[in-house]
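Data first, discussion second: the structure below is written as structure tokens.
What follows is calculated from the coordinates using simple rules that are stated; it is not laboratory data. Computed from a prediction, not measured in an experiment: that's the story for all the values here.
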């Protein structure tokens, strides 16, 4: 079983709460209360960047489409290559 370097009881509790959400409406309601609009937009942008990197889109196209900085794109790319495989796990789930 994977053990995150960020794991602790409080983080477990947050993730367990997220796992209890059953549909998009519940996700919207929970995340709108939990996060700022900017935090949600940032996470959304990172996921879009990761998806575009996964299919080998060039940085400039990603910048134009997502408005992400090249620093953000590089950081997401680093996690795609050296991270905890979380993006790849989600990509596989999206395929199903």
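For the chain, the longest principal axis of the Cα atoms and the long axis of helix 70-82 meet at an angle of about 70 degrees. Against the main long axis of the alpha-carbon atoms of the chain, helix 37-54 sits at an angle near 50°. Relative to the longest principal axis of the Cα atoms of the chain, the long axis of helix 24-34 makes an angle of roughly 90 degrees.
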